[in-house]
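Here's the structure we're looking at; comments come further down.
The values are calculated or read from the model by the stated rules, or taken from the named source; none is laboratory data. Owing to the predicted nature of the structure, the values given are computational and were not obtained by experimental measurement. Positions of Cβ are backbone-derived with ideal geometry, glycine not excepted, and every protein chain shown enters the neighbour counts. These area figures cover heavy atoms from the full protein model, side chains too; ligands, DNA and RNA do not enter into them. Shrake-Rupley method; radii C 1.70, N 1.55, O 1.52, S 1.80 Å.
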Amino acid sequence: TVTIAEIPDPMQYDKLSLEAAELISRTVYEGGELPEVILDGIEQDITTTVVAIDNTAKIIGAATFWLYGSNIYIGEIGVDVNAQNRGIGHQIVNRIEDLAIRQGAKAVRLTSGSTSTEGFWEHLGYSDDGEYFSKHLSRQ
């Protein structure tokens, strides 16, 4: 069983935020350090982190995002190598999209990515708008 939850104030949840940042560092940056923009966002409390937690309380997926104007921007998303291809990334993105709709956002945009993940995003309804991979949200 996987639980998807948001950490609305990373500064109040230091241990979880650190674990999420470490997971993103391992999976997205292959063990390198997180870019300053992500670290600054966590420190300045402008980002929200969504985590996937398995039944042993281990974080196996995480993403950072923030609201800017009428859009939600996903900074980074990562899923533990041993947990990939189980729909966890999809569940994380779904939670972000649900939160975006509740916050009145019109679209979700990716601030980073690689050509190796384009298929994942396209499968979720995202497309290249010339500047970002993005998805326009519809109210239901």
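Scanning the range 122-140 for residues that are open to solvent by less than 70 Å² (accessible area, probe 1.4 Å) and at pLDDT 90 or above, we see that the one that is nearest to I4 (Cα to Cα) is L124.
Report every pair of residues separated by at least 6 positions or lying on different chains whose Cβ atoms are under 7 Å apart, first residue within the range 89-104 and over 11 Å from T49 (Cα atoms), second open to solvent by less than 70 Å² (accessible area, probe 1.4 Å) and assigned to a loop (DSSP other than H, G, I, E, B). What qualifies is H90/L124; Q91/V2; V93/L124; E97/L137; A100/L137; I101/L137. Of all residues in the range 65-88, exactly one satisfies the criterion of being out of contact with any strand residue (DSSP E or B) (no Cβ under 9 Å at 6 or more places or on another chain) and in contact (Cβ under 8 Å) with a residue 24 or more places away in the chain, namely V81.
Quick grid of which residues meet (1) at pLDDT 90 or above; (2) open to solvent by 10 Å² or more (accessible area, probe 1.4 Å); (3) touching a helix residue (DSSP H, G or I) at 6+ places or on another chain (Cβ under 9 Å):
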| site | (1), (2), (3) |
| --- | --- |
| T56 | no, yes, no |
| I74 | no, no, yes |
| G87 | yes, yes, no |
| A105 | yes, no, yes |
| S112 | no, yes, yes |
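Within the range 110-121, residues that are within 13 Å of S134 (Cα to Cα) and of a type in the set (D, E) have Cβ atoms under 9 Å from residues that are at pLDDT 85 or above and surrounded by 14 or more Cβ atoms within 10 Å (Cβ to Cβ) in these pairs: E118/Y126; E118/F133, counting only partners at least 6 apart in sequence or on another chain.
Conditions (1) at pLDDT below 90; (2) of a type in the set (D, E); (3) surrounded by fewer than 22 Cβ atoms within 10 Å (Cβ to Cβ); (4) not in a strand (DSSP E or B), marked per residue:
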position: V50; (1), (2), (3), (4): yes, no, no, no
position: L67; (1), (2), (3), (4): yes, no, yes, no
position: E97; (1), (2), (3), (4): no, yes, yes, yes
position: G119; (1), (2), (3), (4): yes, no, yes, yes
